[in-house]
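Peer 1: Below is a structure I'd like to ask you about.
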Amino acid sequence: MNTNLQPGDLLDGFTLGDQLHGGGMGIIFRATPPAGRPELDFPLLVKVPRLGPGEPSETVVTYEVEAMVHATLSGPHVPRFVAAGDLAVQPYLVMEFVEGASLRQWTGKGPLEAAEVARLGAAVARALHALHLQEVVHLDLKPGNVIFRPGGEAVLVDFGLSRHAHFPDLLAEEFRHPMGSGPYISPEQVLGVRQDPRSDVFALGVILYELATGRYPFGAPTSQRALRHRLWHIPVSPRRLAPACPEWLQEVILRCLEAQAADRYASAAQVAADLTHPEQVTVGERGRRLRRPGLGTLLKRWIMATGYEPSPLDRPSQQLATASIVLAAVATRHRNEQRFQVLREVVKRLLAIDPDRRLTCVTVIPPASELAGGREEEAGTSLRIKHLVRLRNWAEPLELPPERISYHVIESGDPAAALLEYARVNQVDHVVIGAPPADVPMKSSFVSTRVAAEAPCSVTVVRPRAGSRES
Amino acid sequence: MKLALFADIHANLEALEACLEHAEEQGAEEVAFLGDLVGYGADPAAVLERVRAQAAAGAVMVRGNHDAAVVAAGADTMNRSAEAAVDWTRQQLDQAQLAFLAALPLTARRDAVLFVHASADRPADWTYIHDAPGAAQSVAAARATWVFSGHVHQQALYHLSPAGHALPFKPVPGVAIPVPAHRRWLAVAGSVGQPRDGNTAACYAIFDTGRATLTFHRVPYDWSVAAAKIRAAGLPEFLARRLERGE
């Protein structure tokens with residue numbers, strides 16, 4: 001094993017370039033691929049862990065975990081994995097070098113404006129959800145592990161402490177002290193629980209708090225005793241530290257930071273949805289509070305924390321399935337009670353499965369400019385309101401609490417493209433859409449046909465039973 | 001090289017055939033039988049013929065407690081339905097088949113792998129590995145990098161931490177799990193012929209020796225035929241119901 005690698009050295013055909021970083025855990029070099037690998041047409045980096053005498057045994061295991069987990073991951077929210085060296089010969093990881101800005105560039109500048117916090121936070125939340133969908137919990141989310149691609153997409157790096165639900169946890173019981181970064185580690189991680197995707201939602205909450213206030217919600221403790229503080233402690237309200245922070249943002253942040261995972265957002269996708277649509281956030285006591293609750297409440301929380309029981313969970317997909325986002329495409333322009341009714345029945349059944357499932361009601365209307373001449377803006381607004389009212393009216397019989405439902409009127413000349421884009425960006429899990437009437441000849445240009453063919457998730461196409469009376 | 005691991009077939013011919021076919025599709029070139037070829041099920045002779053053919057072709061073989069009970073009179077460690085099945089089984093087998101069972105070794109070793117039906121710690125005691133301490137004890141006694149066993153009908157994988165503690169893991173079917181040689185591992189392949197985790201599909205596993213990965217599989221088979229044969233043979237009704245419910 002060569003522990004003294006230099007730029008210019010060869011590692012299984014990869015040529016080491018400039019050294020980018022020489023941190024405690026390892027060295028990072030830029031790299032060029034071996035000849036005859038034309039598919040590697042993107043910048044590369046090589047990460048070499050510091051192993052051998054004098055280095056902590058933790059480094060070996062985190063290297064092993066990172067190689068095992070990263071090799072299974074795909075998509076734009078992780079660096080593309082290229083190769084891993086044999087642990088017994090020369091351990092190293094080759095991956096895409098993601099050129100972009102680290103989230104650390106923003107966390108140092110807080111408090112930031114709410115819109116900026118929401119933009120950054122939603123991007124991180126979407127990346128987290130993409131990871132959770134692949135059965136992986138990051139467990140070391142912090143600003144230094146997030147890079148923004150020039151297009152604004154967040155990329156998560158460093159999977160050394162991650163947990164993949166399909167593999168044994170090599171880090172379980174390995175080290176007695178909690179693994180993670182003091183400011184960001186979740187209460188359940190402090191207790192050694194390492195499989196809940198909502199642990200990452202907690203760390204995301206810490207990042208949001210930091211961006212919105214410029215401070216850490218629970219400080220930067222290192223000892224087990226000090227880390228346990230967050231099992232019951234309630235952070236200072238962001239609006240007290242940064243008066244410009246709106247109530248909706250405080251609501252989102254404090255919900256992410258709840259001590260009990262079950263009280264947080266059920267998925268990162270739901271955090272992204274709220275950060276992207278602030279007007280749809282239901283603000284409660286959490287969002288309005290300025291003072292921390294009194295001593296009585298804190299004492300009660302402290303007592304409860306002594307019996308803190310993390311919820312049992314097999315794998316991230318199990319948790320995500322309970323928290324899915326269902327999109328109902330409601331054709332408010334073609335009001336047909338019978339078709340509305342059928343759509344509602346299917347949606348109702350999908351939502352009844354779990355109380356954490358959310359419904360997002362979407363209708364697509366033509367852009368205002370196609371409707372009116374001079375007073376298009378005014379006409380557009382009143383048209384939007386009209387369709388919003390119809391959406392709400394369609395959903396009323398479902399009797400859902402406001403935090404489980406949202407309404408979106410999208411202006412677009414291409415309804416199928418608009419629905420597909422919405423489903424993709426908002427990480428929708430299931431689209432329910434009406435079929436074209438049965439007596440119309442089949443065309444591939446139907447909105448429902450295109451959505452069913454191209455959607456990134458399940459699609460249920462509903463149609464009233466043939467022979468039932470059209471109303 | 002891919003090595004298929006079959007444990008606890010329990011004279012279930014339909015399950016064995018489904019698993020052999022599945023393993024062949026997966027590219028398994030070699031086979032290991034981890035004990036309890038017979039007992040409970042209605043096809044001991046047919047199962048033994050399949051297994052003997054595999055053994056002649058070089059399959060790894062070890063003995064299970066049911067195999068031992070069939071050839072040793074007066075087994076008193078079993079529950080009543082198991083014992084009824086053991087007596088019935090003995091009557092179904094010819095001399096050659098009984099001799100084959102009697103000759104099975106308690107353990108087998110190939111390179112750094114130990115094959116054993118129950119715990120490698122005093123294998124003739126048939127100790128169940130239900131938890132991490134049991135697994136740690138078996139691995140310690142095995143003096144092997146990989147220990148493959150059966151006896152417990154649910155699939156499980158344990159690895160040893162540097163401190164010598166075993167850490168349990170419940171495998172997900174069809175996922176190739178890295179089991180590198182610098183750690184020590186114990187896998188319970190699960191039961192081919194009598195699954196007990198609420199899923200009726202047969203259990204087995206494939207060890208890829210070159211890549212050092214282990215893949216646990218679940219294979220649906222026609223349990224209605226196997227259960228009907230148990231009833232037709234007059235074996236305890238409970239044994240037929242188990243297959244229908246996978247419990």
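Peer 1: If you place +1 on the Cβ of every Lys and Arg and -1 on the Cβ of every Asp and Glu, how big does the dipole about the Cα centre of the range A:324-462 come out, in debye to the nearest 20? Walk me through the intermediate numbers first.
Peer 2: Details: 17 positive and 17 negative charges, 57 e Å.
Roughly 280 debye, rounded to the nearest 20.
Peer 1: Once the dipole of the protein assembly as shown is set up with Lys and Arg at +1 and Asp and Glu at -1 on Cβ about the Cα centre, which of A:183, B:238, B:99 lies farthest towards its positive end?
Peer 2: Checking the options against the dipole of the protein assembly as shown, the answer is A:183.
Peer 1: Work through the residues other than residue A:216 whose Cβ is under 13 Å from its Cβ and net out their charges, Lys, Arg +1 and Asp, Glu -1.
Peer 2: +2
Peer 1: Over its Cα atoms, what ratio of radius of gyration to 2.2 N^0.38 Å does the range A:101-319 give?
Peer 2: Rg over 2.2 N^0.38 Å, computed on Cα atoms: 0.95.
Peer 1: I'd like the orientation of helix B:13-25 relative to chain B: the angle between its Cα long axis and the longest Cα principal axis, in ° from 0 to 90, rounded to 10.
Peer 2: With rounding to tens, the tilt is 40 degrees.
Peer 1: With only alpha-carbon atoms in the gyration tensor, what are the semi-axes of the equivalent ellipsoid for the protein assembly as shown, in Å, largest first?
Peer 2: Taking √(5λ) for each Cα gyration eigenvalue gives 51, 35, 25 Å.
Peer 1: At residue A:89 and residue A:191, where each label point lies 7 Å from the Cα along Cα→Cβ, what is the point-to-point distance in nanometres?
Peer 2: 4.5 nm
Peer 1: Further question on the same structure: How many times 2.2 N^0.38 Å is the alpha carbon radius of gyration of the range A:324-462?
Peer 2: Cα Rg divided by the expected 2.2 N^0.38 Å: 1.04.
Peer 1: Return a whole-number percent for the relative contact order of chain A, with Cα pairs under 8 Å and 6 or more residues apart as the contact set. Kindly include the intermediate steps, with their values, before the conclusion.
Peer 2: Working: 832 pairs, mean separation 51.4, N = 471.
This gives 11 percent for chain A.
Peer 1: How many Cβ atoms of partner chains, on average, are near each residue of A:163-170 if near means within 10 Å of its Cβ?
Peer 2: 5
Peer 1: Once you order the gyration tensor axes a ≥ b ≥ c over the Cα atoms, which shape class does the range B:1-45 get: rounded for a/c under 1.5, otherwise prolate or oblate by comparing a/b with b/c?
Peer 2: oblate
Peer 1: Can you give me the Rg/Rh ratio for the range A:213-326, using Cα atoms for both radii and the Kirkwood formula for Rh? The partial results should precede the final answer.
Peer 2: Values: Rg = 15.3 Å, Rh = 15.7 Å.
Result for the range A:213-326 is an Rg/Rh of 0.98.
Peer 1: Ignoring everything except DSSP H segments at least 4 long, calculate the 222 nm mean residue ellipticity for chain A; use -39,500 (n - 2.57) per segment, divide by total residues, nearest 500.
Peer 2: Here the helix-only value at 222 nm equals -10000 deg cm²/dmol.
Peer 1: Still on this structure, I have one more. Considering only the other residues whose Cβ falls under 13 Å of the Cβ of residue A:451, what net charge follows from Lys and Arg at +1 and Asp and Glu at -1? Walk me through the numbers before you get to the answer.
Peer 2: Working: positive: A:424, A:450; negative: A:414, A:421, A:454.
Counting the neighbours of residue A:451, the net charge comes to -1.
Peer 1: Test of understanding: ordering A:179, A:95 by Cβ neighbours within 10 Å, fewest first, what list do you get?
Peer 2: If I rank by nearby Cβ atoms, fewest first, I get A:179, A:95.
Peer 1: What does DSSP give for the protein assembly as shown in terms of the percent of beta bridges that are antiparallel, rounded to the nearest 5?
Peer 2: Around 60 percent of the beta bridges assigned by DSSP in the protein assembly as shown are antiparallel ones.
Peer 1: Another question about this same structure. Using label points projected 7 Å from each Cα along Cα→Cβ, tell me how many nm separate residue A:388 and residue B:199, to one decimal.
Peer 2: Once both label points are built, they end up 4.8 nm from each other.
Peer 1: Another one. What is the diffusion coefficient of the range A:143-238 in µm²/s, taking the Kirkwood radius over Cα pairs and the Stokes-Einstein relation at 10 °C with a viscosity of 1.306 mPa s?
Peer 2: D = 109 µm²/s.
Peer 1: Do me a favour and compute the ellipsoid semi-axes for the range B:1-129 from its Cα gyration tensor, root of five times each eigenvalue, largest one first, whole Å.
Peer 2: Largest first, the range B:1-129 gives 23, 18, 13 Å.
Peer 1: Now a separate question. Cα axis of helix B:44-56 to longest principal axis of chain B: angle in degrees, 0 to 90, nearest 10?
Peer 2: 40 degrees
Peer 1: Test of understanding: extend the Cα→C-beta vector of residue B:110 to 7 Å, then name every residue of the range B:210-247 with backbone N under 13 Å from that spot.
Peer 2: Only B:210 fall inside the zone, counting backbone N under 13 Å.
Peer 1: Compute the signed sum of charges (Lys and Arg +1, Asp and Glu -1) over the other residues within less than 12 Å, Cβ to Cβ, of residue B:6.
Peer 2: Residues close to residue B:6 contribute a combined charge of -3.
Peer 1: Run through the DSSP bridge list for the range B:102-247 and note the antiparallel percent, rounded to the nearest 5.
Peer 2: The answer is about 75 percent antiparallel.
Peer 1: In straight Cα distance, which aspartates and glutamates are under 13 Å from residue B:229, not counting same-chain residues fewer than 8 positions off?
Peer 2: B:14, B:43, B:237, B:244
Peer 1: Magnitude of the Cβ-charge dipole of the protein assembly as shown, K/R +1 and D/E -1, about the Cα centre, nearest 20 debye?
Peer 2: Charge dipole of the protein assembly as shown: 2140 debye, to the nearest 20.
Peer 1: If you don't mind, another one. Between exposed GluC sites (Glu not before Pro) in chain A, where DSSP calls loop and at most 11 other Cβ atoms lie within 10 Å, what's the longest gap?
Peer 2: For GluC sites (Glu not before Pro) (loop position, at most 11 other Cβ atoms within 10 Å), the longest site-free span of chain A is A:100-398.
Peer 1: What is the calculated FRET efficiency for residue B:244 to residue B:163, with r their C-beta to C-beta distance and R₀ = 60 Å, to the nearest 0.05?
Peer 2: So, using R0 = 60 Å, E works out to roughly 0.85.
Peer 1: Across every pair of different alpha-carbon atoms, what Kirkwood hydrodynamic radius in Å does chain B reach?
Peer 2: Kirkwood hydrodynamic radius for chain B: 17.7 Å.
Peer 1: Same structure, new question: Of all the C-alpha pairs in the range A:10-96, what % are more than 17 Å from each other?
Peer 2: So the pairs more than 17 Å apart make up 48 percent of the total in the range A:10-96.
Peer 1: With each pseudo-label sitting 7 Å past Cα toward Cβ, what's the residue A:396-residue A:224 distance in nm, one decimal?
Peer 2: About 5.8 nm separates the two model spin labels.
Peer 1: Which residues in the range A:381-403 have a backbone N closer than 17 Å to a point placed 7 Å from the Cα of residue A:335 along the Cα-to-Cβ line?
Peer 2: Backbone N within reach: A:382-397.
Peer 1: Something else about it: Treating the beta-carbon of each Lys and Arg as +1 and of each Asp and Glu as -1, no other charges, what is the dipole magnitude of the range B:2-245 about its Cα centre, to the nearest 20 debye?
Peer 2: Approximately 580 debye in magnitude.
Readers should treat all values here as calculations from the given coordinates under stated rules, not as data from a laboratory. A quick note: this is a predicted structure, and the numbers were derived from the prediction, not measured. Here the Cβ is made from the backbone with ideal geometry for all residues, glycine too, and neighbour counts use every protein chain on show.
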